[in-house]
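*Asks:* So that we are looking at the same thing, I have put the structure below in structure tokens.
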Amino acid sequence: QLQLVESGGGLVQPGGSLRLSCAASGFSLDYYAIGWFRQAPGKEREGVLCISSSGDSTNYADSVKGRFTISRDYAKNTVYLQMNSLKPEDTAVYYCGAHAHYYCSSSRGVEVWGQGTLVTVSS
């Protein structure tokens, strides 16, 4: 079965960094665009960054520009979200999702979701 597992979340101080991982099992990520999404308490899920099957990135949220970077390791079948200069407003559950296409689209195009990993930025 197709499955994605996020890891790397935790508690971090403002200005700190975290790297989230999205590992796939049951299928190869080579053929999928992978997006990172987040949902804060009381808010709707929003897109953060996405990376196409060929490695091109797409920004979904202006609030993370210059601070977050998405990358993928084809050999490890894993996609990463490097988060730097974290702010309290970045606190959310972060999800990765595999799009039903080689290119990035909205969350409606996601066919496989991970369980989410919680990122808490203290203040």
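The values are calculated or read from the model by the stated rules, or taken from the named source; none is laboratory data. The structure displayed is predicted, hence computed values, not measured ones. As a convention, Cβ positions derive from the backbone with ideal geometry for all residues, glycine included, and neighbour counts pool all protein chains shown. Surface accessibility is based on the protein's heavy atoms, side chains included, excluding ligands, DNA and RNA. Shrake-Rupley method; radii C 1.70, N 1.55, O 1.52, S 1.80 Å.
*Asks:* List the pairs whose first member sits in segment 60-83 and is at positive phi, whose second member is modelled with pLDDT of 95 or more and surrounded by 14 or more Cβ atoms within 10 Å (Cβ to Cβ), and whose Cβ atoms are under 7 Å apart, counting only residues at least 6 apart or on separate chains?
*Replies:* Pairs that qualify, where the first residue is at positive phi and the partner is modelled with pLDDT of 95 or more and surrounded by 14 or more Cβ atoms within 10 Å (Cβ to Cβ), are N77/A23.
*Asks:* Please verify whether segment 31-38 includes one or more residues that are surrounded by fewer than 21 Cβ atoms within 10 Å (Cβ to Cβ) and charged (D, E, K, R).
*Replies:* At the first step, the residues of segment 31-38 found to be surrounded by fewer than 21 Cβ atoms within 10 Å (Cβ to Cβ) are 31.
Add one more test, that the residue is charged (D, E, K, R), and what stays is none.
For segment 31-38, residues surrounded by fewer than 21 Cβ atoms within 10 Å (Cβ to Cβ) and charged (D, E, K, R): absent.
*Asks:* Hey, can you tell me all the residues within segment 54-84 that are within 14 Å of G97 (Cβ to Cβ) and either open to solvent by 60 Å² or more (accessible area, probe 1.4 Å) or part of a loop (DSSP other than H, G, I, E, B) (or both)?
*Replies:* Once the filter is applied, which keeps residues that are within 14 Å of G97 (Cβ to Cβ) and either open to solvent by 60 Å² or more (accessible area, probe 1.4 Å) or part of a loop (DSSP other than H, G, I, E, B) (or both), segment 54-84 yields only Y60.
*Asks:* Being polar (S, T, N, Q) and in contact with a helix residue (DSSP H, G or I) (Cβ under 8 Å, 6 or more places away or on another chain) narrows it down to one of N59, N77, so name that one.
*Replies:* Numbers: N59 fails: in contact with a helix residue (DSSP H, G or I) (Cβ under 8 Å, 6 or more places away or on another chain).
Answer to the check: N77.
*Asks:* Being touching a Cys at 6+ places or on another chain (Cβ under 8 Å) and open to solvent by 30 Å² or more (accessible area, probe 1.4 Å) is the filter here, so list the residues in segment 85-104 that pass it.
*Replies:* Quick first cut of segment 85-104, residues touching a Cys at 6+ places or on another chain (Cβ under 8 Å) only: 96, 99, 104.
Hit for segment 85-104 is C104, nothing else.
*Asks:* Would you please name the residue that is modelled with the lowest pLDDT, looking only at residues in segment 41-53 that are open to solvent by 20 Å² or more (accessible area, probe 1.4 Å) and either over 15 Å from S105 (Cβ atoms) or part of a strand (DSSP E or B) (or both)?
*Replies:* So the residue we want is P41.
*Asks:* Tell me, yes or no, whether segment 20-40 has at least one residue that is basic (K, R), part of a loop (DSSP other than H, G, I, E, B) and either closer than 13 Å to D90 by Cα or under 15 Å from the mean Cα position of the chain (by Cα) (or both).
*Replies:* Let us first name the residues in segment 20-40 that are basic (K, R), namely 38.
Next, only the ones that are part of a loop (DSSP other than H, G, I, E, B) stay: none.
No, there is no match, as no residue in segment 20-40 is basic (K, R), part of a loop (DSSP other than H, G, I, E, B) and either closer than 13 Å to D90 by Cα or under 15 Å from the mean Cα position of the chain (by Cα) (or both).
*Asks:* Further question: From the residues in segment 105-119 that are at pLDDT 95 or above and open to solvent by less than 50 Å² (accessible area, probe 1.4 Å), which one is farthest from D30 (Cα to Cα)?
*Replies:* V119
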